[in-house]
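Here's the structure, in structure tokens; my notes come after.
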Amino acid sequence: MPLTPVSWRYKDKLTTEISDMPEGTYGFIYKVTHLPTQKKYIGKKVLFFERNVKLGKKEAEVLREERRAAGIGGRVPQKKKVVKESDWKTYYGSQEEIKRLARSSKPEDWTREILDFVPTKKLLTYYEIKHIFINDALEDPDYLNDNILGKFYQKDFIKVDS
């Protein structure tokens, strides 16, 4: 059973539309909490997906004619870039345990909090890592974060008593 969206919160304000976010926002850093288990997860989410789509025959022919009329020579592109809003409104996380909990939960079982709005892809990764470190999410068993950048893994932490 898929969850219906529960609004994101940012500093006790509801965020339900992109217009609720600062202008120039590329994505955001979030923390979701599964209330029955108190398990948390910190992640990042982009607001738009960008992908290349192959042009159809008719669309390619129209482009070819437009280029001819404009005096532009050379090869006609075979693909076009398509941008669409991401699934951020219904998103809970991509980590496997989060997805499993989401499938077996009600929307009321969750809180979804935006920690930071971020203007670029590069900074999105930086701020995600920053929040994981600040919250000690890799070592705290209440967090489901299990790695950072595929380099540092929760399972690798071994405590040595002095």
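The values are calculated or read from the model by the stated rules, or taken from the named source; none is laboratory data. Since we're looking at a predicted model, the values are computed, not measured. Backbone-built Cβ (ideal geometry, glycine too); neighbour counts: all protein chains shown. Keep in mind that these areas ignore ligands, DNA and RNA; they rest on the heavy atoms of the full protein, side chains included. Shrake-Rupley method; radii C 1.70, N 1.55, O 1.52, S 1.80 Å.
From V82, V76, grab the single residue that is in a strand (DSSP E or B) and touching a Lys or Arg at 6+ places or on another chain (Cβ under 8 Å).
The conditions single out V82.
Quick grid of which residues meet (1) closer than 30 Å to P36 by Cβ; (2) surrounded by 10 or more Cβ atoms within 10 Å (Cβ to Cβ); (3) touching a Ser or Thr at 6+ places or on another chain (Cβ under 7 Å):
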position: V53; (1), (2), (3): no, yes, no
position: G71; (1), (2), (3): no, no, no
position: R100; (1), (2), (3): yes, yes, no
position: K130; (1), (2), (3): yes, yes, no
position: D136; (1), (2), (3): yes, yes, no
position: D140; (1), (2), (3): yes, yes, no
position: Y153; (1), (2), (3): yes, yes, no
position: F157; (1), (2), (3): yes, no, no
Check off (1) open to solvent by 70 Å² or more (accessible area, probe 1.4 Å); (2) touching a Phe, Trp or Tyr at 6+ places or on another chain (Cβ under 6 Å); (3) closer than 21 Å to Y10 by Cα for V118 and give me the number that stays unchecked.
(1)
Report, ordered by the first and then the second residue, all pairs with beta carbons closer than 6 Å, sequence separation of six or more or different chains, a first member in segment 87-108 that is assigned to a helix (DSSP H, G or I), and a second member that is modelled with pLDDT under 90 and open to solvent by less than 70 Å² (accessible area, probe 1.4 Å).
A102/L3; P107/L3; P107/V6
Among the candidates G27, G56, which residue alone is modelled with pLDDT of 90 or more and over 21 Å from D142 (Cβ atoms)?
G27
Within segment 109-143, track down each residue that is charged (D, E, K, R) and part of a strand (DSSP E or B).
R112, E113, D116
State which residue pairs qualify: first residue on the phi < 0 side of the Ramachandran plot and inside segment 41-57, second residue open to solvent by 70 Å² or more (accessible area, probe 1.4 Å) and aliphatic (A, V, I, L, M) in any location, beta carbons under 7 Å apart, and separation of 6 or more residues or different chains.
F48/V83; E50/V83
Residue, farthest from the chain's Cα centre (by Cα), within segment 75-86, restricted to residues that are open to solvent by less than 70 Å² (accessible area, probe 1.4 Å) and without any contact (Cβ under 8 Å) to a residue 40 or more places away in the chain:
V76
